[in-house]
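Enquirer: Starting off with a structure, shown below.
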Amino acid sequence: MDVSVILLTRNTCQQTREAIQSVLASSGPLSKEIYVIDNGSTDDTARILPTAFPEIHYQQMESNVGFARGVNLAARAAKGDFFLLLNSDARLSPDALQLAVEWMRADPGCGVAGAQLLHDDGKKQNSIANFPSLATELLNKFLLRALWPKHFPGKEREYPEPMEVESVIGAFFLVRRDVWETLGGMDERFFFFLEETDFCLRARQAGFATVHIPQVLVWHGQGQTAKQDLPAARIEYWRSRYAYFAKHRSVAVRLVLRCGLLLRLLLDSAVSGLLTMATVGLSRRWREKFAVHRALLLWHLRGCPAGIGLPR
């Protein structure tokens with residue numbers, strides 16, 4: 001088996017159907033299998049997907065076990081030389097899988113490969129990520145990419161050739177099986193964010209490169225699962241961010257991060273609250289921002305408990 005494609009879904013039935021169809025429609029001679037982990041969906045996913053695609057390996061979880069654990073479960077049964085972690089709201093261009101696998105086979109030092117992610121209208125999304133640092137988490141990422149584009153690569157620049165990067169966005173995340181097994185899969189301490197970033201850092205530490213391949217095109221719905229409950233999803237991001245810094249950064253750096261983030265959160269909450277009142281609650285944009293900021297403040301005031309966030 002050349003490639004094992006692993007998708008996690010939770011109440012994203014239609015998007016997952018389109019993702020599976022794009023994999024099945026891939027061009028080239030690659031042999032492939034598809035694993036779908038249903039993370040406790042309450043929609044029609046369990047009824048529709050196994051019937052629509054009898055060839056897939058479908059496993060329904062009783063609850064939401066998180067991204068890292070769900071992927072690890074599928075990877076234990078997968079037979080491919082490569083594992084493709086594909087978001088349920090992503091769709092492959094016909095040659096994407098073939099191009100990516102060919103590149104990795106030609107470069108044995110490449111352990112992880114990512115694609116150029118696109119909006120439905122063809123505009124580029126950010127597909128490259130830096131390892132989280134005080135700069136990336138406390139400063140404006142757009143300004144970092146504008147002022148130091150070589151160190152902070154992003155969608156604003158054209159990249160004609162594949163290039164080594166720190167990390168790639170996990171909507172399309174192609175990994176060599178031997179690299180996966182060497183690293184022991186995803187770290188399950190990360191429930192729903194930064195697990196792929198942590199994996200890329202550990203791959204680099206083990207001597208394997210992560211490469212962004214701009215010729216591999218993937219359309220990405222960008223956070224369809226997270227948009228179902230945005231305040232809870234943002235809490236999960238902050239939780240994962242704290243976990244990443246606890247794992248990879250010093251106590252002093254973690255203290256500066258937490259103080260800086262809380263100061264910015266207080267300022268952002270005041271601004272979004274005032275603008276929500278100024279627009280009499282009619283601006284959806286500011287209502288949603290204030291809801292997120294309020295949820296994050298309450299989570300911190302309660303001591304960042306594990307029971308608050310996306311459903312388990």
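The values are calculated or read from the model by the stated rules, or taken from the named source; none is laboratory data. Note that the structure is a prediction, hence the values are computed from the model and not measured. Neighbour counts are summed over all protein chains in view; Cβ atoms, including those assigned to glycine, are modelled from backbone coordinates with ideal geometry.
Enquirer: With respect to the numbered conditions (1) assigned to a helix (DSSP H, G or I); (2) closer than 28 Å to S250 by Cβ; (3) at pLDDT 95 or above, which one is the sole condition not fulfilled by N72?
Expert: Of the numbered conditions (1) assigned to a helix (DSSP H, G or I); (2) closer than 28 Å to S250 by Cβ; (3) at pLDDT 95 or above, the odd one out for N72 is (2).
Enquirer: Would you say Y58 is among the aromatic types (F, W, Y) and touching a Ser or Thr at 6+ places or on another chain (Cβ under 7 Å)?
Expert: No; evaluated as a whole, the condition is false for this residue.
Enquirer: Could you tell me whether D120 is of a type in the set (D, E, K, R) and closer than 28 Å to A246 by Cβ?
Expert: Values: of a type in the set (D, E, K, R): yes; closer than 28 Å to A246 by Cβ: no.
No, not satisfied.
Enquirer: Suppose we filter the range 100-114 for residues that are over 15 Å from V165 (Cα atoms) and either of a type in the set (G, A, S) or free of Cβ contacts under 8 Å to residues at least 12 places away in the same chain (or both); how many remain?
Expert: 5
Enquirer: When you scan the range 195-247, how many residues do you find that are crowded, with 21+ Cβ neighbours inside 10 Å and of a type in the set (D, E, K, R)?
Expert: Matching residues across the range 195-247 total 5.
Enquirer: Considering every residue within the range 88-96, establish whether at least one is of a type in the set (S, T, Y), more than 22 Å from Q215 (Cα to Cα) and assigned by TED's automatic domain parsing to the domain that holds E181. Give the steps one after another, and end with the answer.
Expert: Let us first name the residues in the range 88-96 that are of a type in the set (S, T, Y), namely 88, 93.
Now narrow it down to the ones that are more than 22 Å from Q215 (Cα to Cα): none.
No, that holds for no residue.
Enquirer: Right, here's the next one. Kindly indicate the residue of the range 61-92 that is loosely packed, with under 15 Cβ neighbours inside 10 Å and either touching a helix residue (DSSP H, G or I) at 6+ places or on another chain (Cβ under 6 Å) or not polar (S, T, N, Q) (or both) and also nearest to L174 (Cα to Cα) among those meeting that condition. Talk me through it step by step, then tell me what you get.
Expert: So in the range 61-92, the residues loosely packed, with under 15 Cβ neighbours inside 10 Å come out as 62-63, 76-77, 79.
From what's left, either touching a helix residue (DSSP H, G or I) at 6+ places or on another chain (Cβ under 6 Å) or not polar (S, T, N, Q) (or both): 62, 76-77, 79.
Numbers: E62: 27, R76: 16, A77: 17, K79: 14 Å.
Across the range 61-92, the extreme among qualifying residues is K79.
Enquirer: Considering (1) in contact with an Asp or Glu (Cβ under 7 Å, 6 or more places away or on another chain); (2) among the β-branched types (V, I, T); (3) in the same structural domain as R254 (by TED's automatic domain parsing), say which one V211 fails and leave the rest.
Expert: So V211 meets the others, but not (3).
Enquirer: Right, something else. Taking the range 259-272, which residues are loosely packed, with under 15 Cβ neighbours inside 10 Å and without any contact (Cβ under 8 Å) to a residue 24 or more places away in the chain?
Expert: The answer is C259, L263, L267, A270, V271.
Enquirer: Related question: List pairs: first in the range 273-302 and part of a loop (DSSP other than H, G, I, E, B), second of a type in the set (K, R) and at pLDDT below 95, Cβ under 7 Å, 6+ apart or cross-chain?
Expert: That search, which allows pairs on different chains as well, returns G281/R287.
Enquirer: For the range 1-68, which strands (runs of 3 or more DSSP E) that fit wholly inside it have 1 or more residues that are closer than 23 Å to F199 by Cα? Working first, answer last.
Expert: Numbers: elements: 3-9, 32-38, 57-60.
Those strands (runs of 3 or more DSSP E) span 3-9, 32-38.
Enquirer: For the range 45-60: of the residues being under 24 Å from the mean Cα position of the chain (by Cα) and over 26 Å from Q98 (Cα atoms), which is surrounded by the most Cβ atoms within 10 Å (Cβ to Cβ)?
Expert: T45
Enquirer: The conditions are (1) in a loop (DSSP other than H, G, I, E, B); (2) of a type outside the set (V, I, T); (3) surrounded by 13 or more Cβ atoms within 10 Å (Cβ to Cβ), and G307 fails exactly one of them. Which is it?
Expert: (3)
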